[in-house]
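Heads up: the structure comes next, in structure tokens.
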Amino acid sequence: KIYSASTTAPVNIATLKYWGKRDTKLNLPTNSSISVTLSQDDLRTLTTASAADFFQSDKLWLDGKEESLEGPRLVACLSELRALRKALEDANPEFPPLSKYHLHIISENNFPTAAGLASSAAGFAALVRAIANLYDLHQSPEDLSRIARQGSGSACRSMFGGYVAWEMGQEADGSDSRAVQIATQEAWPDMKAAILVISASKKETSSTLGMQTTVNTSTLFKYRAEVVVPQRFKEMSKAIVNKDFETFGKLTMIDSNQFHAVCLDSSPPVFYMNDTSRLVIGLIEKFNKIHDRVVAAYTFDAGPNAVLYYLERDEPIVLGLLKAAVPEVDGWDKKSYTASIAPTV
Ligand code: DP6
């Protein structure tokens, strides 16, 4: 008999960036972060986890291609989930011994994986949830976020819809480093995101390596993590609760820029944005200036692709601007997605 469970998980895009670990094994961050979860109608990972006593080994397929399951992050997630299942079996001897069986995991994205669109966040969130469902675990999203965090830091935030904080926590064992919801999608439903795929090729420096370089070498980084982010975290949380787009948008843009500044301040320097990314920044800055308000806020993760946040009522002018500008932009592969905000996942 094969036991199976399927689930989906959404993508999240940070508006206050996670950049730096204080513990690389447990993925404990040097600062708290904030993100918005995008609707699964638009972007999502679909994962099926199966267990059977005749499976010979643990196996994983990503978008049809077999991948290694030996990485320490995957091993950490699997062994935590297996331990929880084992405890459940000990308490309920009639349950099938799934904790002893090997797992086959099949995962696919409905967006280009290589495009660096937070695929690891949705990927690990879906993997943890699919196995939790298979194992009949009833851990809260907050508890599951602690497990997903060990797969990829940003994955912990994909356990919730709406507006999400990852609280860095203080404990050495990571027990208080987990995601919590700041506001539901229903509380501020008219937010939208546009994703501009400037390059679909894989990033040159992984986030994991990039952030370690920054932690070890950047002098600006300490100031960001210890002074700037704690204050910005409060201001951005407040802007979200008050549905204050002007403040939310300004903070989102300066935080993206500061994240890329500490990357440049690292040795060797880490570059994620390219000329087209900078052109988009210039375009949006000018556009907001002409309108005398923040109409759209840009943010860039560890790659050149832009994500714009804006309010639904401004969609015609934001998409109009992109349409007008796109043919002028060299090196832009003209793919873009728009997404709503995810309700509770
Ligand atoms: C720039 O979560 O991919 O997107 O924990 O090493 O897997 P690991 O890193 P990852 O880093 C994301 C960095 C970021 C900012 C963010 O999402 O907060």
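The values are calculated or read from the model by the stated rules, or taken from the named source; none is laboratory data. Given the structure is predicted, the values throughout are model-derived calculations rather than measurements. Please note: Cβ atoms are built from the backbone with ideal geometry, for glycine as well, and neighbour counts cover all protein chains shown.
Here are the numbers for this structure:
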item: Selection status of Thr8, in contact (Cβ under 8 Å) with a residue 24 or more places away in the chain, surrounded by fewer than 24 Cβ atoms within 10 Å (Cβ to Cβ) and among the polar types (S, T, N, Q); result: yes
item: Residue in region 87-104 that is closer than 13 Å to Ile131 by Cα and free of Cβ contacts under 8 Å to residues at least 40 places away in the same chain present; result: yes
item: Among residues of region 218-234, those that are in a helix (DSSP H, G or I) and surrounded by 15 or more Cβ atoms within 10 Å (Cβ to Cβ), counted; result: 8
item: Qualifying residues in region 17-38 (those that are hydrophobic (A, V, I, L, M, F, W, C) and buried (at least 24 other Cβ atoms within 10 Å of the Cβ)) - the one nearest to the ligand (Cβ to nearest atom); result: Trp19
item: In region 140-173, the residues that are assigned to a helix (DSSP H, G or I) and of a type in the set (A, V, I, L, M, F, W, C); result: Leu144, Ile147, Ala148, Ala155, Cys156, Met159
item: Residue tally, condition at pLDDT 95 or above and outside any helix (DSSP H, G or I), over region 109-138; result: 3
item: Which listed residue, of Asp41, Asp53, Asp63, is surrounded by 14 or more Cβ atoms within 10 Å (Cβ to Cβ) and more than 16 Å from the ligand (Cβ to nearest atom); result: Asp63
item: Among residues of region 158-180, those that are within 12 Å of the ligand (Cβ to nearest atom) and closer than 14 Å to Asn31 by Cα, counted; result: 5
item: Looking only at region 258-283, and only at residues there that are of a type in the set (A, V, I, L, M), in a helix (DSSP H, G or I) and within 23 Å of the chain's Cα centre (by Cα), the one that is nearest to Ala324 (Cα to Cα); result: Val280
item: Checking Asp143 against (1) away from the ligand (no atom under 16 Å from the Cβ); (2) farther than 28 Å from Asp41 by Cα, the condition it does not meet; result: (2)
item: Residues being under 27 Å from Pro10 (Cα atoms), modelled with pLDDT of 75 or more and surrounded by 11 or more Cβ atoms within 10 Å (Cβ to Cβ) - total across region 322-343; result: 8
item: Evaluation of Ser256 against (1) closer than 16 Å to Ala193 by Cβ; (2) without any contact (Cβ under 8 Å) to a residue 40 or more places away in the chain (one fails), failing number; result: (2)
item: Odd one out for Arg149 among (1) surrounded by fewer than 22 Cβ atoms within 10 Å (Cβ to Cβ); (2) of a type in the set (Lys, Arg); (3) at pLDDT 95 or above; result: (1)
item: Which listed residue, of Met211, Met236, Met253, is more than 24 Å from Phe287 (Cα to Cα) and within 15 Å of the ligand (Cβ to nearest atom); result: Met211
item: Strands (runs of 3 or more DSSP E) enclosed by region 9-97 - at least 2 residues per element that are modelled with pLDDT under 95 and more than 28 Å from Leu220 (Cβ to Cβ); result: 44-52, 65-67
item: Single residue of region 260-313 satisfying the filter (of a type in the set (Val, Ile, Thr) and in contact with a strand residue (DSSP E or B) (Cβ under 7 Å, 6 or more places away or on another chain)) that is surrounded by the fewest Cβ atoms within 10 Å (Cβ to Cβ); result: Ile281
